[in-house]
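As structure tokens, the structure follows; a few thoughts come after it.
The values are calculated or read from the model by the stated rules, or taken from the named source; none is laboratory data. Keep in mind that what you see is a predicted model, and the values were worked out from it rather than measured. Positions of Cβ are backbone-derived with ideal geometry, glycine not excepted, and every protein chain shown enters the neighbour counts. SASA here: full protein model, heavy atoms, side chains in, ligands and nucleic acids out. Shrake-Rupley method; radii C 1.70, N 1.55, O 1.52, S 1.80 Å.
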Amino acid sequence: MTPPAPSATPSATPSADPAADASTTPTEAPWANDTVEFTNTVSTPASWSSATWRPFRNVIVCRMAPGSEDEVGPVFAYYDRTTRPQDLGVVGRALLSYEGLYLHVIERKEDPEVSGQRRGLPAFQAIAEAIAPYVTPYPSYWENPSHSVAKHFYTWVPEGEVSPDREMTVIVQRMKPGSEAEIARVFAESDAGDLPTETGVTGRWLYSMEDVFVHLLEQDRAKAAAVRQNHESMRPAFAKVMAALAPYVSPYRPETWQSPRDSVARVFHRWTAPDWAPGD
């Protein structure tokens, strides 16, 4: 399929998602009949099956009109399919929704501070205009698209090799603004013990956006499934971490929250570069 021809006229309004903000406009909507499917985890692609390598990840947080996944997902799916984001350093992305939030996890070959490659798709403005009715800024201080990028404040990965068969879960909660240091301390203390190994955790990345706390949890797929089947055996250890986090973190929607599973965002679009592997 040939992508729509660009126009020289840029949109007057920048997108809330900085990965969809630049200088082309669409002449048609070829994604109109596409559909999206939901899943609760993001799988590690086979081409990335490495015991040590992980992409550099940015997380974009916006508001999204409820029920608009079928409008937003196909737009990215079309341009991911018909252009080459990997030529700009982007090798994967996941779009997720959670309680009126839009979460965009961008996976890159390396930190754009090092590579200098900050854009995500060649047809940025086409995407910006298509998703504008559904995706809007979240933070109160928003003035430009860069303000939609969440603050990364903690990373943990185990020493040595881990299973290349991994999955990532994105957990969303409400947080006390300004409590990043306290939250990081709780996780650092837990990650220094045996709990990550026992539950198959192979990586953890924490992000904040005002009162939104985003937790990217990567796990060995087999161990993660075993923990879900036998969650009761790990309840005391999990309860200790949750008690330590309680002054700073709470359910995003307490009126509907019943269990930790209710904090998991749902994936509605996933793309990984089909012709790229670490080292390329």
**Item:** Qualifying residue in the stretch 220-234 (condition: of a type in the set (D, E, K, R) and over 13 Å from Met168 (Cα atoms))
**Value:** yes
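Of the residues Tyr141, Tyr154, Tyr134, Tyr207, which is among the aromatic types (Phe, Trp, Tyr) and exposed (fewer than 14 other Cβ atoms within 10 Å of the Cβ)?
That would be Tyr141, the only listed residue that is among the aromatic types (Phe, Trp, Tyr) and exposed (fewer than 14 other Cβ atoms within 10 Å of the Cβ).
Considering each residue of the stretch 46-84, count those that are buried (at least 17 other Cβ atoms within 10 Å of the Cβ) and either in contact with a helix residue (DSSP H, G or I) (Cβ under 7 Å, 6 or more places away or on another chain) or assigned to a strand (DSSP E or B) (or both), and give that number. I'd like the intermediate steps shown before the answer.
In the first step, residues of the stretch 46-84 are kept if they are buried (at least 17 other Cβ atoms within 10 Å of the Cβ); the result is 48, 54-62, 64, 69, 71-80.
If we keep only those that are either in contact with a helix residue (DSSP H, G or I) (Cβ under 7 Å, 6 or more places away or on another chain) or assigned to a strand (DSSP E or B) (or both) too, we end up with 56-62, 64, 72, 75-76, 79.
Qualifying residue count for the region: 12.
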**Fill in**
Residue pairs qualifying under the 6 Å Cβ cut-off, at least six apart or on distinct chains, with the first in the stretch 39-64 being closer than 30 Å to Ser15 by Cα and the second being in a loop (DSSP other than H, G, I, E, B) and among the hydroxyl-bearing types (Ser, Thr, Tyr), are Val61/Tyr138; Cys62/Tyr138; Arg63/Tyr138; Met64/Tyr134
**Asked** Identify, please: which residue in the stretch 181-202 is of a type outside the set (Val, Ile, Thr) and open to solvent by less than 30 Å² (accessible area, probe 1.4 Å) and is, among those, farthest from Ala222 (Cα to Cα)?
**Response** Ala184
**Message:** Take the conditions of a type in the set (Asp, Glu) and within 26 Å of Lys151 (Cβ to Cβ) and apply them to Glu37. Does it pass?
**Reply:** no
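Which one of these is open to solvent by less than 10 Å² (accessible area, probe 1.4 Å) and under 30 Å from Val227 (Cα atoms): Ala128, Ala94?
Being open to solvent by less than 10 Å² (accessible area, probe 1.4 Å) and under 30 Å from Val227 (Cα atoms) holds for just one of Ala128, Ala94, which is Ala94.
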**Prompt:** So which residues in the stretch 214-257 are within 23 Å of the chain's Cα centre (by Cα) and open to solvent by 60 Å² or more (accessible area, probe 1.4 Å)?
**Reply:** Arg221, Ala222, Lys223, Arg228, Met242, Arg253, Pro254, Thr256, Trp257
**Prompt:** Quick one: is Ser163 touching a strand residue (DSSP E or B) at 6+ places or on another chain (Cβ under 6 Å), surrounded by fewer than 18 Cβ atoms within 10 Å (Cβ to Cβ), part of a loop (DSSP other than H, G, I, E, B) and not charged (D, E, K, R)?
**Reply:** yes
